[in-house]
1. Along the positive direction of the dipole of the chain (beta-carbon charges: Lys, Arg +1; Asp, Glu -1; about the Cα centre), which of 24, 257, 190 reaches farthest?
2. Shape verdict for region 42-107, please, from the Cα gyration tensor: rounded (a/c under 1.5), prolate (a/b greater than b/c) or oblate.
3. At 7 Å along the Cα-to-beta-carbon direction for both residue 287 and residue 49, put a label point, then send me their distance in nm to one decimal.
4. What full-extension length gain, to one decimal in nm, is calculated for residue 18 and residue 116 as 0.36 nm per residue of separation minus the Cα-Cα distance?
5. Could you check how much of the accessible area of the chain is carbon and sulfur, as a whole percent, using a 1.4 Å probe?
6. Considering every Cα-Cα pair within region 82-208, what fraction, in whole percent, is farther apart than 25 Å?
7. I need the phi-derived Karplus couplings for region 139-147: 6.51 cos²θ - 1.76 cosθ + 1.60, θ = phi - 60°, integer Hz, Gly and Pro marked x.
8. Could you state the number of Å between the C-alpha centres of region 88-114 and region 215-269?
Amino acid sequence: MPPASSTAAGVFTGSDEEGVARIAAVEQWRGRGPLRAGHTYLPGGTWSDIEGPPGLLAPWARWRHQRADRLFVLNVPMLDRNEDGVPDEGVRELLGQGARGAFDGHFVKLAELLVTLELPDTVVVLGWEMNGVTYTHRCGPDPAAWRAYWRRVVTAMRSVPGQRFRFDFAPNRGRDAVPWTECYPGDDVVDIVGMDSYDQPAGLSFWDQVEEPYGLRAQVEFAARHRKPVSYPEWGLFRNGDDAEYVRRMAAWFHRYRPVYQTLTDYCPHGVWECGLNPEAARAYRAP
């Protein structure tokens, strides 16, 4: 395992150019050295969104190129209309189309754009929180088709000359709508086993979050069995308010398990810099 200091820390403050600009302000406030993980999200309304708006990605490319040790992390939806409440029957049909290759070309275009922007080593968080119900790219309606579709997307993006992408499989912590293990598409098409892990539900302690079925311990043990590193693309406060103990416990977890990167979601109610609701957690986050 790499030393703990090799974990790239990040704070998500927005997807656009203003979000890039805020990183320096957060670094200064944090007072603990550079934030090496830059993390943003492609919109998922249309296939053009998923092919990668150059105006969104270019500022992140400039940020990435300023330091060799920086890491660019990009959440990529697997389907358009991704937050439109598409019913399960429609999702099942779309996953089947994807598994048969209907959408490969959109992901080739995204991969070509990333290589053109000199972002060939992007960490791609593909189809995140697939075990939940929020997104059209969810796994639950047809796990077998979802797995096959993930494999098609990764194969399409890896076909582009010059790419060195790493693909991050990042479910919600816990069982949610379907056990995330049912969605895992295979070691040959996954490079990192991630997890989005917020401080919820209300009353659930950090150790409950560790030990719950499909929780944090299940993630690190699953990753170890599959010889994969871990990551935490999204984490932050939520249902338990200004919970400094949660922040301290997450920091200790990162120190122990040495993720490739971890990114705090900073807007309210999750955050500690932009969000003034959490002063005790902010102090815990800034502590050495």
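The values are calculated or read from the model by the stated rules, or taken from the named source; none is laboratory data. Just so it is clear, the model here is predicted, and its values are computed rather than measured. Every residue, glycine among them, receives a Cβ derived from its backbone with ideal geometry; neighbour counts consider all protein chains shown. Side chains are part of the model used for accessible areas, which takes the heavy atoms of the whole protein and leaves out ligands, DNA and RNA. Shrake-Rupley method; radii C 1.70, N 1.55, O 1.52, S 1.80 Å.
1. The listed residue farthest towards the positive side: 257.
2. On the way: a/c = 2.87, a/b = 2.44, b/c = 1.18.
Note, shape of region 42-107 comes out prolate.
3. If labels sit at residue 287 and residue 49, their model points lie 3.9 nm apart.
4. On the way: separation 98, 0.36 × 98 = 35.28 nm, distance 2.25 nm.
The residue 18-residue 116 span can extend by a further 33.0 nm.
5. 50 percent
6. Working: 2163 of 8001 pairs.
That tail contains 27 percent of the Cα-Cα pairs.
7. Running phi through 6.51 cos²θ - 1.76 cosθ + 1.60 with θ = phi - 60° gives 8, x, x, 6, x, 5, 5, 4, 4 Hz.
8. 30 Å
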